[in-house]
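Reviewing the structure listed below.
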Amino acid sequence: MIKSLNKLVYSDDGNLNNGWAYRLEVDKMYLLPRVVRSFEVWATVKTESKVSLQVLVATVHGDILTIHAGFCWDGLTWWPDTASNMCGGLPHDFGYQLGSCPESPFSRAEIDGWLRDLILPRSPKEAKLTWTGVRSMGWNFYGKKSNIRIKLL
């Protein structure tokens, strides 16, 4: 079971700027259910002047996942974002982006489990409904082309 290690602090730009609804304001850490080989996750982003930059967006060291401040995500696709499910939406969206990387040690089923595990303590009913939805429709989004790459350590 994945566990949150600190508070989720994010901003909502209110208008889905560049396709993203939320931006992480401080690093968010999770205790993963298993130890994996350490790696970094880098994203290619364009500045306002159209210059491409490589940005470190996350690190995994053993069983600790840290998603770094500045990471953007769109919340729960095809599902309303609520106070109960936002805690699971961040690592779930991140995990689905990892699905495009052959080096990712996480399966889609495992990442869907993260969502359920993080919502469960807040709202068991919502956890079951949300998990059922992502298991049914997640194949539409998991592993699609992404701007991220994994660097093994």
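Throughout, read-outs are computed from the coordinates displayed, never taken from laboratory work. In this text, all values refer to a predicted model and were calculated from it rather than measured experimentally. In this analysis, Cβ positions are derived from the backbone assuming ideal geometry, glycine residues included, and neighbour counts consider all displayed protein chains.
Computing FRET efficiency as 1/(1 + (r/R0)^6) for Leu153 and Lys7, where r is the C-beta to C-beta distance and R0 is 35 Å, gives about 0.85. For region 39-123, relative contact order (Cα pairs under 8 Å, six or more residues apart, normalised by length) works out to 19 percent. Of Cys101, Trp20, Trp73, which is farthest along the charge dipole of the chain in the positive direction, counting Lys and Arg as +1 and Asp and Glu as -1 at C-beta? Positive-most Cα among the choices belongs to Cys101.
In the chain, the sites counted are trypsin sites (Lys or Arg not before Pro) in DSSP loop states with at most 11 other Cβ atoms within 10 Å, and the longest stretch holding none of them, exclusive of the sites, is 51-143. Going through [x] 2, 9, 19, 24, 23, 15, 6, 2, 0, 0; [y] 2, 7, 8, 9, 10, 8, 6, 5, 5, 6, 6, 5, 5, 5, 4, 4, 2, 1, 1, 0, 0, 0; [z] 2, 9, 17, 22, 16, 12, 9, 6, 3, 2, 1, 1, 0, 0, 0, the figure that equals P(r) over Cα pairs in 5 Å bins from 0, in percent as computed for the structure here is [x]. Each Cα pair under 8 Å and six or more residues apart adds its sequence gap; the mean of these over the residue count of the chain is a relative contact order of 24 percent. The length gained by stretching the chain between Val36 and Gln54 to full extension, at 0.36 nm per residue less their Cα-Cα distance, is 4.1 nm.
Using a Cα distance threshold of under 25 Å, what count of lysine pairs results for region 43-153 when pairs must be 8 or more residues apart or interchain?
7
Only Lys, Arg, Asp and Glu carry charge here, each on its Cβ (+1 for the first two, -1 for the last two); on that basis the chain has a dipole of about 340 debye about its Cα centre.
For the chain, adding -39500 (n - 2.57) for each run of n ≥ 4 DSSP H residues and dividing by the number of residues yields -8000 deg cm²/dmol at 222 nm. Taking GluC sites (Glu not before Pro) across region 19-123, the ones in a DSSP loop with at most 13 further Cβ atoms lying within 10 angstrom of their Cβ are Glu25, Glu48, Glu103.
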